[in-house]
Structures are given as structure tokens and as C-alpha cells.
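Report on the following structure.
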Amino acid sequence: MKLFALFGNYCILMSKVFSRPEKRSIYRQRILFEIEALGLNSIGIAALISIFMGAVITLQMSINLESPFIPRYLIGYATRESMILEFSSTVVALILAGKVGSNIASEIGTMRITEQIDALEIMGVNSASYLILPKIVATVFFFPFLTILSILIGTAGGYLIAIFTGVMNPGDYIEGLMYSFKPFSIWYSLIKIAVYAFLITSISGFYGYFAQGNSLEVGRASTKAVVVSSVTILIFNLILTQLLLI
């Protein structure tokens, strides 16, 4: 029953979040601010993890695929498919759930326990929409760019490891990157990250908005936001794969 109560409160909060904003000019300013805070500031960690993941995938497959009957260019193909289909959307989203989700939950939770949200309500401001909607718009808009960046950097990481270690011919790697490419795979990855962006932001905003007590409760709300966001991402990964690829 507690799960249904949480889901009901979440739906009620989302109905408030997506109600008509009072002053659209203020929302535009906040959206630009959130794009920088939640999107641009996440480029570094996404790029760093992507380049090492692309390099590791290439290196491991080069070491383990020793059969002469398996073409070497399939290593580049497998690296590309791994980055596009799973890592640059789902795994990057899980990383962002920890970074962005905890940031959102702690920020809004702190505003709740310091009664700043109550002050907004007293002034007649729709606090749920004012605080959460710009974050949702910013992440849904910008996270797909992070996914594209992750794909490019990850495949570049595989190419660099092929050059510097000599585990495979860089020409074979490039051939594998171009082998049997399906443009829909990119759209599939972008659709997934957009859904994940909404889930991360809305769930984190929900736990922060309903935080109660002291600063310890804000920490617990942040932890719950990250855990629930991560589990929800994995569930929707299965659902979206079933709907879009099968």
C-alpha cells in the first residue's frame, strides 16, 4: 500500500509541476540556468567515463577474440553497438542519477526544511512547477547531447587504444565502426536517455520536495532519490528495449 501511496503522491506532484506557469520569462531564465548546472557541468564525468569504457571494451575483445575464424573488424562493430545501445544511454543515465539526482534532491530538500518552499507558496507561487519543471526541461533537452558526446568519445577511445597498444589494426576498427550501421540505433539511444532524464529529475524532485525534518533527512531523501531513480531506469530499459527493438 505504501508503494501505491508514493506513486499517487508522485502523480499529484507531477500534475502541479506541469500546470501552466505564471511568468514564462522567469522560467526561460531558470531553464538556461539549469542547463548549465545539470547539463554542462556533467560533460566532464560523462566524457571521462565514456573514453575509458570504449577503450576497455576494445581491449578486452581484442585479447579474448583469438579465433582466426572471427573477423577482427567485428571488434569495432561490437564497441560501436555497445556504446550506442547500452552504455551511452543506460549506463550514463545511471551515473547521472547519482550526480544530478542527488544534487536535485538535496537542493529542493534543503529548501523544504528551511521553509523556503513554504514562503513561495505564501507568495502565491506554484513552488512545484517553479522548482522542478525547469530542471525537467533542461535535462530532457540536454541529456541527449551528452549521449551523442558519449558515443563519439567512446568509439574514439577504442580507436586510440588500438593505435597505442597495437592490439588490433586501426583500419579494421574503423571498418567495424561502419559495418552494418543502423541509424535507428541512434534514435533508440536518444529516446531512452530522454525518458531517463525525465525519470531522474522528476523522482529526485519528488523526494526532495517531500523531505521533512532536519539535514539528516535531506541526506536520506537524496539517497532514496538515487536508488529509486536507478531501479526505475533499469526497469524502463527493459520496457523500452521490448517496445523499440523487438
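The values are calculated or read from the model by the stated rules, or taken from the named source; none is laboratory data. The model shown is predicted, which means the values in this text are computed figures rather than measured ones. Methodologically, a virtual Cβ is constructed for each residue, glycine included, from the backbone with ideal geometry; neighbour enumeration extends over all protein chains shown.
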Do any residues in the stretch 105-124 that are closer than 18 Å to residue 223 by Cβ have Cβ atoms under 7 Å from those of residues that are outside any helix (DSSP H, G or I), where the two are at least six apart or on different chains, and which pairs are they?
-> 109/211; 112/211; 113/211; 113/213; 113/214
The stretch 179-188: number of residues that are over 16 Å from the mean Cα position of the chain (by Cα) and either within 30 Å of residue 30 (Cβ to Cβ) or not in a helix (DSSP H, G or I) (or both) = 5
Go through the residues of the stretch 35-43 one by one and say whether even a single one is in a helix (DSSP H, G or I), of a type outside the set (Gly, Ala, Ser) and more than 24 Å from the chain's Cα centre (by Cα).
-> no
The number of residues in the stretch 16-31 that are outside any loop (DSSP other than H, G, I, E, B) and under 16 Å from residue 201 (Cβ atoms) is 5
Regarding residue 192, is this residue within 17 Å of the chain's Cα centre (by Cα), surrounded by 15 or more Cβ atoms within 10 Å (Cβ to Cβ), closer than 21 Å to residue 114 by Cβ and among the charged types (D, E, K, R)?
-> no
For the stretch 155-178, does any single residue satisfy the condition of being surrounded by fewer than 16 Cβ atoms within 10 Å (Cβ to Cβ), closer than 24 Å to residue 46 by Cβ and within 16 Å of the chain's Cα centre (by Cα)?
-> no
List pairs: first in the stretch 190-204 and without any contact (Cβ under 8 Å) to a residue 40 or more places away in the chain and in a helix (DSSP H, G or I), second of a type outside the set (A, V, I, L, M, F, W, C) and surrounded by fewer than 24 Cβ atoms within 10 Å (Cβ to Cβ), Cβ under 8 Å, 6+ apart or cross-chain?
-> 199/232
On the given criteria, is residue 107 of a type outside the set (Phe, Trp, Tyr) and under 30 Å from residue 29 (Cα atoms)?
-> yes
If residue 33 satisfies every condition in (1) modelled with pLDDT of 90 or more; (2) crowded, with 16+ Cβ neighbours inside 10 Å; (3) more than 26 Å from residue 227 (Cβ to Cβ) but one, which is the exception?
-> (2)
Verdict on residue 13 being modelled with pLDDT under 90 and either among the hydrophobic types (A, V, I, L, M, F, W, C) or in a helix (DSSP H, G or I) (or both) = no
Any idea which of 209, 159, 196, 179 is closer than 24 Å to residue 60 by Cβ, of a type outside the set (S, T, N, Q) and modelled with pLDDT of 90 or more?
-> 159
Residue that is nearest to the chain's Cα centre (by Cα), among those in the stretch 50-78 that are surrounded by fewer than 16 Cβ atoms within 10 Å (Cβ to Cβ) and closer than 22 Å to residue 94 by Cβ = 52
Considering each of 53, 61 in turn, give the residue that is touching a residue at least 24 places away in the same chain (Cβ under 8 Å), assigned to a helix (DSSP H, G or I) and not β-branched (Val, Ile, Thr).
-> 53
Within the stretch 19-49, which residues are among the polar types (S, T, N, Q) and more than 28 Å from residue 90 (Cβ to Cβ)?
-> 19, 25, 29
